[in-house]
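Have a look at the structure below before the remarks.
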Amino acid sequence: MNAPAPTALMMTGAEFRESLRALKPTVFVDGQRIESVADAPQLQPGINAIALTYDYALKPELQPVMTAVQHTSGKRVNRLSHINTSAGDLLNKLEATRIVCQETGCAQRYLVHDALNALGQVTARIDDARGSTEHHQRFLNYLHEVQDRDLTLAVAMTDAKGDRSKRPHQQANTDAYVHVVERHAVRGGRSGIVISGAKAIVTGAPYVHEFLVMPCRQMTRDDADFAVCCAVPVDAEGVTIIARPAGRPGEKLEHGDALFSRKYGQSTGVVLFDKVFVPEDRVFYAGEWEHSHHLTYSYATHHRQTCIAARAGFGDLLIGAGALMCEANGFDPGKETHLRDQMVELIKITEGFYACGVAASVYGKPDPWSKTWMPDPVFANIGKLLMANQIYDMHRIAHYVSGGLIVTLPGPDEDHNPETAARLADVLQASPDIPYDKRIQTARFIEDLTAGYQGGWYSVISLHGGGSPAAMKQEIYRNYPIGSKVELVERILERGVAADGSPAAAPHDPDRAITKNRQPGKCCDMGCSTPGQPMMVDLPTVEATLPSRREG
Ligand SMILES: Cc1cc2nc3c(=O)[nH]c(=O)nc-3n(C[C@H](O)[C@H](O)[C@H](O)COP(=O)(O)OP(=O)(O)OC[C@H]3O[C@@H](n4cnc5c(N)ncnc54)[C@H](O)[C@@H]3O)c2cc1C
């Protein structure tokens with residue numbers, strides 16, 4: 001029997017919170033300077049959600065899903081900072097993300113996974129182009145440090161962007177995009193670069209350890225200064241974080257209507273970089289504009305697949321709450337057909353986009369440069385696009401089965417008003433089997449998730465997080481093998497394409513635009529399997545004995 005892999009440091013949630021005390025970032029929330037992020041009530045729901053990803057990795061029964069062995073170090077690490085080497089890894093990452101997000105709504109830390117996997121890919125590509133090993137080795141050193149110190153990173157990718165119709169170098173204000181202002185800087189005997197500019201939307205910004213700064217779009221030669229990718233500690237000199245509170249902290253803590261978001265939520269911050277020095281060993285590239293597309297493509301593909309799992313976790317919450325609300329109203333949705341239809345619709349939506357995530361894993365392939373595993377871009381983008389649109393249907397269904405109570409109930413203070421509480425409890429109970437307080441608790445939970453501030457947050461992150469729908473449509477069209485389908489029909493119509501091998505057949509024209517986009521890897525002998533062989537190249541490592549997340 002093989003010896004178990006050594007384990008990198010794995011903090012508990014409490015240790016994660018404590019680790020934030022060692023950092024002194026400049027953070028403002030609602031116009032106030034935050035002295036201690038770890039203690040700021042406004043940020044606790046966000047910290048709680050990330051803390052859970054630490055605690056879950058230490059649960060023995062979740063270890064096969066929540067941890068993985070990093071192939072470049074042989075150490076067991078948190079799966080949310082692990083580099084994929086198989087389709088099974090991608091499946092396990094989906095499961096891990098769904099588990100932590102069904103508990104917290106959005107655990108935020110999965111972005112670390114997506115960014116590190118993309119960084120590994122782009123650094124390998126740059127090295128291949130240059131015939132060096134420098135960039136990828138620098139990335140591996142950083143990766144191992146992140147894993148060994150069990151760090152959480154935030155992804156600082158979306159620039160302020162200024163006028164959307166203009167490229168980075170055309171902006172009136174160059175700080176609209178983070179860019180290099182000094183290429184050969186020396187500070188305290190260390191050489192590096194200096195960056196300035198603004199990242200507009202950074203999830204978890206105040207309460208992470210470091211930022212991964214990455215370009216948010218394809219760059220041209222003229223944009224070379226804006227093609228910069230590096231790691232920056234949150235408290236580096238020159239960094240200012242202006243954030244909003246995470247969730248709805250502190251609202252009526254005991255009996256409030258923000259039942260979920262007072263405990264779990266997400267802060268997003270605008271992050272300003274003002275002449276921030278980044279030492280060389282933290283610079284993954286600076287100026288390599290021609291590789292920016294590979295980074296954004298890789299990150300978006302990983303991230304869109306992961307977002308599918310995160311929002312499936314949100315779907316789990318709505319499915320459970322919707323069923324409870326039906327029951328509290330006096331219905332068994334299995335017997336009341338129009339309510340059952342709604343519940344089935346909610347299940348179909350959730351499992352439908354999640355299934356795209358599964359397909360993206362199963363049809364995943366190694367990245368040609370790093371050889372690490374990439375989800376299939378078509379399924380990853382279709383799943384994210386379905387979710388981006390159907391999040392609004394998910395909210396509608398939760399509202400449909402609940403009735404108007406979710407936005408009309410008297411406030412939680414009334415629960416303790418001696419003049420009204422008993423009478424309200426009497427008249428507002430529905431099913432005789434479900435006490436009034438359980439009914440209103442479920443109603444307030446659904447309000448919080450779908451009809452209040454936090455409900456709006458889930459809609460907008462589903463629509464725009466990981467890129468707006470237009471970006472997904474572009475990727476689906478770009479990667480879908482329409483050419484193969486054209487050839488199929490031309491062959492059936494006997495138009496004489498080369499596939500039938502007849503002497504009269506016209507040779508396949510590689511320059512013909514409509515047939516250009518063909519499909520290596522699926523149903524052909526140029527891809528990851530020979531025809532007729534199973535697509536799966538590796539079995540998932542989820543243990544058969546592990547309770548399914550659907551069973552709780
Ligand atoms: C809750 C939340 C959390 C997020 N977390 C992070 C994070 O942690 N890190 C991070 O880096 N980003 C994060 N994002 C940012 C997310 O990736 C962006 O919202 C998304 O890429 C869209 O960019 P934008 O918000 O600037 O919208 P815009 O780019 O302004 O887009 C608005 C609309 O204009 C269209 N549009 C924009 N530019 C063009 C153009 N040139 N041509 C044609 N149409 C155009 C878009 O398709 C869209 O329909 C988060 C977003 C949300 C909502």
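Rounded to the nearest 500, what is the chain's calculated 222 nm mean residue ellipticity when only DSSP H runs of at least 4 contribute -39500 (n - 2.57) each, over all residues?
On the way: 16 runs with 229 residues, N = 552.
Per the formula, -13500 deg cm²/dmol.
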Built amide H within the under 5 Å cut-off of Met374, gap 5+: Lys365, Asp367
Amide H contacts of Val178 (H built 1.01 Å from N, under 5 Å, at least 5 apart or other chain): Ala160, Ala198
Contour excess over end-to-end distance, with Cα ends at Asp148 and Thr240 and 0.36 nm allotted per residue: 30.4 nm
Neighbour-limited loop hits for GluC sites (Glu not before Pro), the stretch 1-108 (at most 10 other Cβ within 10 Å; DSSP other than H, G, I, E, B): Glu35
Residue-by-residue Karplus 3J(HN,Hα) for the stretch 5-14, coefficients 6.51, -1.76, 1.60, Hz, glycine and proline x: 5, x, 9, 5, 3, 10, 7, 7, x, 5
With all protein chains modelled, accessible area of Ser36 [1.4 Å, Å²]: 40
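For the stretch 160-265, state which trypsin sites (Lys or Arg not before Pro) are in a DSSP loop and have at most 12 other beta carbons lying within 10 Å of their beta carbon. Walk me through the numbers on the way to the answer.
Working: sites: Lys161, Arg164, Lys166, Arg183, Arg187, Arg190, Lys199, Arg217, Arg221, Lys252, Arg262, Lys263; in loops: Lys161, Arg164, Lys166, Arg217, Lys252, Arg262, Lys263.
In loop regions of the stretch 160-265 (DSSP not H, G, I, E or B), the sparsely surrounded trypsin sites (Lys or Arg not before Pro) are Arg164, Lys166.
Rounded to the nearest percent, how much of the accessible area of the chain (1.4 Å probe, protein heavy atoms only) is carbon and sulfur?
Numbers: 12890 of 23890 Å².
Using a 1.4 Å probe with all protein chains present, the chain comes out at 54 percent carbon and sulfur.
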Computed accessible area, Ile193, all protein chains, 1.4 angstrom probe, square angstrom: 10
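Indicate the gyration tensor shape class of the chain (rounded, prolate or oblate), computed on the Cα atoms with a ≥ b ≥ c the square roots of the eigenvalues: a/c under 1.5 is rounded; otherwise a/b larger than b/c is prolate and the rest oblate. Each step should come with its number before you reach the end.
Details: a/c = 1.77, a/b = 1.22, b/c = 1.46.
Note, shape of the chain comes out oblate.
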Area accessible to solvent at Trp289, 1.4 Å probe radius, in Å²: 70
Per-residue ³J(HN,Hα) for the stretch 336-346, Karplus 6.51 cos²θ - 1.76 cosθ + 1.60, θ = phi - 60°, Hz, x for Gly and Pro: 8, 4, 6, 6, 4, 4, 5, 5, 5, 4, 5
Sequence-distant lysines (8 or more away, or on other chains) whose Cα lies within less than 16 Å of Lys263: Lys252
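At a 1.4 Å probe radius, which order do Thr123, Thr203 fall into by accessible area, largest first?
Details: Thr123 0, Thr203 30 Å².
Correct descending sequence by accessible area is Thr203, Thr123.
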Trypsin sites (Lys or Arg not before Pro) within the stretch 303-338: DSSP coil, no more than 10 neighbouring Cβ in 10 Å: Lys335
Per-residue HN-Hα couplings for the stretch 374-384 [Karplus 6.51, -1.76, 1.60; θ = phi - 60°; Hz; x = Gly/Pro]: 10, x, 5, x, 5, 5, 4, 6, 5, x, 5
Euclidean distance between Cα centres, the stretch 33-79 to the stretch 297-348, Å: 25
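Calculate, for the chain, the solvent-accessible area per residue in square angstrom, rolling a 1.4 angstrom probe over the heavy atoms of the protein chains. Mind showing how you got there, number by number?
Numbers: 23890 Å² over 552 residues.
Per residue, the chain has 43 Å² of solvent-accessible surface.
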Euclidean distance between Cα centres, the stretch 98-161 to the stretch 195-226, Å: 13
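Among the listed pairs Lys93/Lys473; Lys348/Lys473; Lys24/Lys438; Lys161/Lys348, give every one whose C-alpha distance is greater than 31 Å.
On the way: Lys93/Lys473 24 Å; Lys348/Lys473 22 Å; Lys24/Lys438 43 Å; Lys161/Lys348 37 Å.
Lys24/Lys438; Lys161/Lys348, as the Cα separations exceed 31 Å there.
The values are calculated or read from the model by the stated rules, or taken from the named source; none is laboratory data. Please read all numbers here as calculations on a predicted model, not as lab measurements. Note that we place each Cβ from the backbone using ideal geometry, even for glycine, and neighbour counts take in every protein chain shown. The accessibility values were calculated without ligands, DNA or RNA, using every heavy atom of the protein model including side chains. Shrake-Rupley method; radii C 1.70, N 1.55, O 1.52, S 1.80 Å.
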